[in-house]
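Note sheet for the following structure.
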Amino acid sequence: MSFREDFLWGGAISANQVEGAFDADGKGMSVADVASYKPNLSVEDYAGHNKVTLKMIEEAKEDQTTEFYPKRRGIDFYHHYKEDIALFAEMGFKALRISIAWTRIFPTGEESEPNQEGIKYYKSIFKELKKHNIEPIVTLSHYEMPLHLSLKYNGWVERKLVDYFVKFAKVCFESFGEYAKYWLTFNEIDSVGRHPFTTAGIIPDKCPEGKIDEAIYQALHHQYVAAALATKECRKIIKDSKMGCMLTKLTTYPNTCNPEDVLLSLNSNLGNHVHADIQIFGEYPRLYKTFLKNNGIKIKMEENDEEILKENTADYLSFSYYMSRTESADTTKEKASGNTIMGVKNPYLPSTEWGWQIDPVGLRISLIELYDRYRIPLIIVENGMGAKDVIEADGTIHDSYRIDYFREHIREMKKAVEMGVDLIGYTSWAPIDCISVSTSQMSKRYGFIYVDQDDEGNGTMKRLKKDSFIWYKNVIKTNGEILE
Ligand code: BG6
């Protein structure tokens, strides 16, 4: 057994990290447009409450330049999309995961009519993909909700957001349904807990004293309901559609066989899976309900919310996988230095320059675990390695470290498929260099395609093929059989 013949090989990008043109053609400001450049970000800064303040947001809003806000310029995919899609096609992509910037369609989120310029822009993207026979996998919300909704309602804490999101989703299905069959609702829905502003527009200053956790769980509830209602609309509007949910797969190991370590890792894995449980099994797990109760967290639910969740579950589970995490009851243990998740350092694993521990076997473990638990098709919608690349005098870029990373992960993925895991696609993050979500750096490069732009925004935006470009092309051509 090997990868299925129609396996969706490709790459994944998000609107807020590639498009740029943050104020073009009627686009409103999104939460990503106020994310500043943070080259020295530590896990303490990133995790928890992300240290976003109302003052920071107001100041960013006042400053309409792109200098300290790199996501506003992205890699100018907005104007380079034809060239970029042609390069993806040259690699043989079968699929491209993109996201729709909500603020191009509804600039503040509250308009009664959509912005036609935004619809026109995405239609041209879909037409370009169709021209190259590339299947779109469309994320409705990838860290780019309208800033207005965040400031006015404290983001997803307010129930109104459900209606606004479903209205946006309906416009997307009606406008783009003829081009796209694969959809997914929220990028890494579980990340509301790790960075509530980026994912759900929650501004800690706006939460009553000591109530940030309650705000997070309330926002999550609203997103689950919105995802279910969007799924319902998608099925009504697009024939044969497939709607997925998405998880950051944070496979956690116990640091030792000390039962206390095992218990910590168990809780960590349960806490990660709960978001998929709700969207795939259609109900809050009993353990989760007890956890909320024991922690004094009260979630406001409307009368038919449980029914909505039960009746509109996901068709497939998509997930991102970058690294594993290790838990220890011993608080003196050295912490892993990755800038997005906490945990202790796993001595068996190497790390990237950003401290993300590289664990290909962890991907196989994740696939087996997820398929055994949910028994619906899986798509890996993000996997990749941020690294600094060097351009040689002749313009070549020898990124053997990136090839090694992908080779080992795809090899493990293949072993999981050989065991019977129903994996239908793999979209690497990101096939082209883009602005890092956590640090807003350009120098944290993920692509098979190099983009000539530095952290300050200097450069020609010229696209160059790295060695990994040819390598991935061959992987796709041989359907994952030749990885050398
Ligand atoms: C995922 C996000 O969590 O990680 C992507 O969905 C992001 O948007 C990716 O780019 C890598 O993170 P970073 O911070 O290195 O860009």
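Values quoted throughout were computed directly from the atomic coordinates according to the rules given, and no laboratory measurement underlies them. Keep in mind it's a predicted model, so treat the numbers as computed, not measured. Please note: Cβ atoms are built from the backbone with ideal geometry, for glycine as well, and neighbour counts cover all protein chains shown.
Please compute, over every Cα-Cα pair in the chain, the percentage with a separation greater than 32 angstrom. Tail of P(r) above 32 Å: 36 percent of Cα pairs. Backbone amide hydrogens, once placed in the peptide plane, bring Leu247 within less than 5 Å of Glu188, Ser318, Phe319, Ser320, excluding anything fewer than 5 places away on its chain.
By the compact-protein rule of thumb, 2.2 N^0.38 Å, the alpha-carbon radius of gyration of region 322-393 corresponds to a ratio of 1.35. Global dimensions of region 87-162 from alpha-carbon coordinates: Rg and Dmax equal 15.2, 45 Å. For Lys130 and Asn295, the FRET efficiency from 1/(1 + (r/R0)^6), where r spans their Cβ atoms and R0 equals 41 Å, is about 0.25.
Looking at the P(r) of region 228-351, how many percent of alpha-carbon pairs lie beyond 21 Å? In whole percent, the share of Cα-Cα pairs in region 228-351 beyond 21 Å is 53.
To make sure I understand the rule: partners must be aspartates and glutamates, Cα under 12 Å from the Cα of Lys123, and not fewer than 8 residues away in the same chain. Which ones qualify? Within the straight-line limit of under 12 Å, Lys123 reaches these aspartates and glutamates: Glu174, Glu178.
Listed by chain and number, the lysines placed with their C-alpha closer than 27 angstrom to that of Lys61 are Lys27, Lys38, Lys51, Lys71, Lys120, Lys152, Lys160, Lys167, Lys206, Lys211, Lys444; residues fewer than eight positions away on the same chain are left out.
Evaluating 6.51 cos²θ - 1.76 cosθ + 1.60 at θ = phi - 60° for every residue in region 52-63, the Karplus couplings come out as 8, 10, 4, 4, 4, 5, 4, 5, 5, 5, 5, 7 Hz, glycine and proline recorded as x.
Here's how it looks for Tyr253: its modeled amide H is under 5 Å from those of Arg325, Thr326, Glu327, which are all 5 or more places away or on a different chain. The length gained by stretching the chain between Lys415 and Lys462 to full extension, at 0.36 nm per residue less their Cα-Cα distance, is 13.2 nm. Taking each DSSP H run with n ≥ 4 as -39500 (n - 2.57) and averaging over every residue of the chain yields -12000 deg cm²/dmol at 222 nm. Region 59-102 and region 187-247 have their alpha-carbon centroids 23 Å apart.
Whole-Hz Karplus values for region 75-81 come out as 10, 6, 4, 3, 9, 9, 4 Hz, taken residue by residue from phi with 6.51 cos²θ - 1.76 cosθ + 1.60 and θ = phi - 60°; glycine and proline positions read x.
For a straight C-alpha distance cut-off of 19 angstrom, the aspartates and glutamates reachable from Lys335 (same-chain residues fewer than eight places away being disregarded) are Glu44, Asp45, Glu260, Asp261, Glu327, Glu353, Asp359.
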